[in-house]
1. Taking region 63-86, which residues are of a type in the set (A, V, I, L, M, F, W, C), surrounded by 11 or more Cβ atoms within 10 Å (Cβ to Cβ) and over 18 Å from R30 (Cβ atoms)?
2. Could you list, in sequence order, the residues of region 21-65 that are under 15 Å from V96 (Cβ atoms), in a loop (DSSP other than H, G, I, E, B) and not charged (D, E, K, R)?
3. For N89, indicate whether it is of a type outside the set (A, V, I, L, M, F, W, C), surrounded by 12 or more Cβ atoms within 10 Å (Cβ to Cβ) and not in a strand (DSSP E or B).
4. Provide a single number: the residues in region 66-85 that are charged (D, E, K, R), farther than 17 Å from A22 by Cα and assigned to a strand (DSSP E or B).
5. For region 52-62, indicate whether the set of residues that are loosely packed, with under 11 Cβ neighbours inside 10 Å and among the charged types (D, E, K, R) is non-empty.
6. Based on this model, can you work out whether Y40 counts as over 15 Å from V24 (Cβ atoms) and surrounded by 16 or more Cβ atoms within 10 Å (Cβ to Cβ)?
Amino acid sequence: MEEIKEIMAMPSPYKGGKNSFATVQAELRRKFGNKIAEDYHPSLCRSFREWAKIHYRPIPGTKAIKVITVVEEKDDEGEIIKTFPRVVNLFNINQVRRIRN
């Protein structure tokens with residue numbers, strides 16, 4: 001349990017917008033059941049690269065959860081110039097294992 005608290009305290013670039021949150025939670029429910037879906041927190045779902053930074057790696061054979069996010073490109077004044085979709089592949093904490101340092 002302490003390990004999960006430590007992971008949740010580490011910053012993640014994926015904040016889980018309303019649509020992303022619902023999409024990931026629905027996919028977790030479909031793949032793993034209600035318990036894992038109800039326990040979902042955005043900091044426990046990260047990309048391969050983000051998990052690797054904190055010494056975790058996806059279990060071989062696991063499939064990423066694909067989420068489409070909207071990226072906003074802004075100018076120097078902070079005005080949005082354009083938006084475009086981006087697919088993000090996320091792995092939940094039950095899909096990863098700690099690797100040796």
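1. Step one: filter region 63-86 for residues of a type in the set (A, V, I, L, M, F, W, C), giving 64-65, 67-68, 70-71, 80-81, 84.
Restricting the remaining residues to those that are surrounded by 11 or more Cβ atoms within 10 Å (Cβ to Cβ) gives 64-65, 67-68, 70.
Scanning region 63-86 gives a single hit, V70.
2. Within region 21-65, Y40, H41, S47, I54, H55, I59, P60, G61, T62, A64 qualify.
3. Numbers: of a type outside the set (A, V, I, L, M, F, W, C): yes; surrounded by 12 or more Cβ atoms within 10 Å (Cβ to Cβ): yes; not in a strand (DSSP E or B): no.
It is false that N89 is of a type outside the set (A, V, I, L, M, F, W, C), surrounded by 12 or more Cβ atoms within 10 Å (Cβ to Cβ) and not in a strand (DSSP E or B).
4. Quick first cut of region 66-85, residues charged (D, E, K, R) only: 66, 72-77, 79, 82.
Filter again for farther than 17 Å from A22 by Cα, leaving 72-77, 79, 82.
Then keep just the ones that are assigned to a strand (DSSP E or B); that gives 72-74, 82.
Residues that pass the stated criteria total 4.
5. no
6. Values: over 15 Å from V24 (Cβ atoms): no; surrounded by 16 or more Cβ atoms within 10 Å (Cβ to Cβ): yes.
Taking the combined requirement at face value, the residue does not satisfy it.
Values in this text are rule-based calculations from the coordinates and carry no lab data. Here the structure is a predicted model, which means the values were calculated and not measured. Backbone-built Cβ (ideal geometry, glycine too); neighbour counts: all protein chains shown.
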